[in-house]
Amino acid sequence: MKDLTKGNPIKLIIAFTIPLIIGNLFQQFYNMADTFIVGRTIGVNALAAVGSTGSILFFVIGFVQGMTAGLSIVTAQRYGANDITGIRKSVGASMIISAVFTIFLTIISVIFTKPVLIMMKTPPEIIDDAYRYLIVINWGIGAAVMFNLLSNLLRALGDSRTPLLFLVIASVVNVALDFLFILVFNMGVAGAGLATVIAQLTASVLCLYYIHKRIPLLQFKNADWKMNKKLIKEHLTIGFPMGFQASIIAIGAIILQITLNGLGSASVAAYTAAQKIDMLATLPMSSFGVTMATFVAQNYGAGKLDRIRLGVRQCIWVSGSFSVVVGILVILFGPAGVGLFVGADQEEILSLSRLYFISNGSAYLLLSLLFIYRFTLQGLGQSMIPTVAGIMELAMRVVAAIFLTAQIGFLGASLANPLAWIGAVIPLGIAYYVSMKKLMKLPQEEVRTIHV
């Protein structure tokens with residue numbers, strides 16, 4: 001456990017972020033392993049099939065990640081306020097809410113898997129593989145919920161290293177099972193989905209065992225199960241909007257995917273492979289954002305507003321500088337990375353990917369600011385403006401999907417992300433500075449209790 005309310009802010013932020021970056025790297029590694037193994041052993045159509053499910057998975061798994069992160073913010077605020085009883089009650093509330101949403105999401109996702117693929121006009125040559133991959137993932141949503149919740153609860157207490165260890169183990173398990181299920185058992189894309197679910201379940205069990213043995217604060221007692229409307233509402237007020245924000249963004253991605261499907265398998269494959277490189281390049285920026293949610297929540301619980309402002313300024317300099325450098329690297333070398341997935345002889349796919357990298361890499365600074373402002377506001381317990389920003393992202397992606405793609409094809413689809421980042425970072429930035437100005441005017445005693 002780590003108290004983020006004491007010590008040099010930027011040193012603490014970097015130390016907390018490094019395990020997140022490494023963990024995200026491993027997560028991307030096994031996601032890329034799925035893509036690499038599927039693309040190079042089963043074929044380009046199989047790669048396109050898995051890629052075509054990305055926006056649908058983002059809709060569901062993104063909600064899970066956002067919701068569980070939101071629930072843990074309440075826990076982090078309690079930890080910053082040194083409220084031991086409040087921490088345990090927060091864990092109990094988070095468990096109950098997560099269990100209810102797991103049942104609901106599993107039922108809905110499984111029922112609507114095929115209808116959604118049809119609605120998205122998934123090309124006939126890839127729709128069967130897309131269904132086989134997606135249905136396995138959907139049945140395993142519970143594993144994703146469990147791992148994300150437990151990981152976020154550990155991070156709420158300042159521990160970003162232990163989730164990293166378990167994620168590394170899950171990555172190794174995932175890659176090993178990919179080879180086993182796809183190359184040995186000939187399970188096709190369903191094998192890649194099953195490998196992912198088993199890996200997440202493995203990491204979840206390890207988290208549970210670690211908490212049982214090492215973290216008394218997260219070991220809630222029978223009394224902690226006694227929920228009240230105020231406690232549940234407090235968690236849902238932050239958790240549900242954060243999940244909803246991710247789902248709103250995912251709707252835009254789904255609409256964009258429909259447009260890509262209409263451009264053909266080559267466009268789907270190019271966007272899928274380029275997006276893998278893009279996600280790898282931007283994960284340090286998202287990791288800094290996640291760190292700020294915990295850093296801000298703990299310091300907000302402790303009533304240390306000056307420390308929050310200093311941490312945000314320092315994080316902008318570090319993450320912003322990184323975003324500029326990595327944006328240049330992606331523009332220069334991104335297409336070569338795509339060649340690893342599809343083969344260097346796929347000229348059409350490589351050419352399309354160049355358009356993606358130029359349009360996205362040049363706007364990474366905006367994405368860096370977006371992550372910092374969004375997660376900072378969420379750490380403060382604010383959900384309205386981040387939700388509005390999510391709606392702005394949706395609107396911009398719809399514009400790109402419906403209008404730009406119709407006019408300029410694949411380039412229009414590639415401009416969806418930069419436009420979405422512009423639409424979101426403006427309200428988020430304004431909201432952060434206005435919120436901090438208002439909070440700084442409050443008496444210290446009121447700041448320390450406003451989150452309760």
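The values are calculated or read from the model by the stated rules, or taken from the named source; none is laboratory data. This one's a predicted model, so the numbers in the text were calculated from it and none came from an experiment. Reconstructed Cβ throughout: ideal geometry from the backbone, glycine too, with neighbour counts over all protein chains shown. Keep in mind that these areas ignore ligands, DNA and RNA; they rest on the heavy atoms of the full protein, side chains included. Shrake-Rupley method; radii C 1.70, N 1.55, O 1.52, S 1.80 Å.
What the table shows:
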{"item": "Residue match in region 249-267 (condition: open to solvent by less than 10 Å² (accessible area, probe 1.4 Å), over 30 Å from residue 343 (Cα atoms) and under 23 Å from the mean Cα position of the chain (by Cα))", "result": "no"}
{"item": "Flag if residue 201 is surrounded by fewer than 21 Cβ atoms within 10 Å (Cβ to Cβ), closer than 28 Å to residue 70 by Cβ and within 20 Å of the chain's Cα centre (by Cα)", "result": "yes"}
{"item": "Hey, residue 233 over 22 Å from residue 100 (Cα atoms), charged (D, E, K, R) and open to solvent by 10 Å² or more (accessible area, probe 1.4 Å) or not", "result": "no"}
{"item": "Hey, residue 238 in a helix (DSSP H, G or I), touching a helix residue (DSSP H, G or I) at 6+ places or on another chain (Cβ under 6 Å) and modelled with pLDDT under 80 or not", "result": "no"}
{"item": "Meets criteria (over 18 Å from residue 73 (Cα atoms), outside any loop (DSSP other than H, G, I, E, B) and charged (D, E, K, R)) for residue 213", "result": "yes"}
{"item": "Out of 357, 371, sole residue that is of a type in the set (Phe, Trp, Tyr) and open to solvent by 10 Å² or more (accessible area, probe 1.4 Å)", "result": "371"}
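Matching residues to (1) aliphatic (A, V, I, L, M); (2) over 24 Å from residue 383 (Cβ atoms); (3) over 15 Å from the mean Cα position of the chain (by Cα):
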{"residue": "36", "(1), (2), (3)": "no, yes, yes"}
{"residue": "44", "(1), (2), (3)": "yes, yes, yes"}
{"residue": "48", "(1), (2), (3)": "yes, yes, yes"}
{"residue": "55", "(1), (2), (3)": "no, no, no"}
{"residue": "59", "(1), (2), (3)": "no, no, no"}
{"residue": "62", "(1), (2), (3)": "no, no, no"}
{"residue": "75", "(1), (2), (3)": "no, no, yes"}
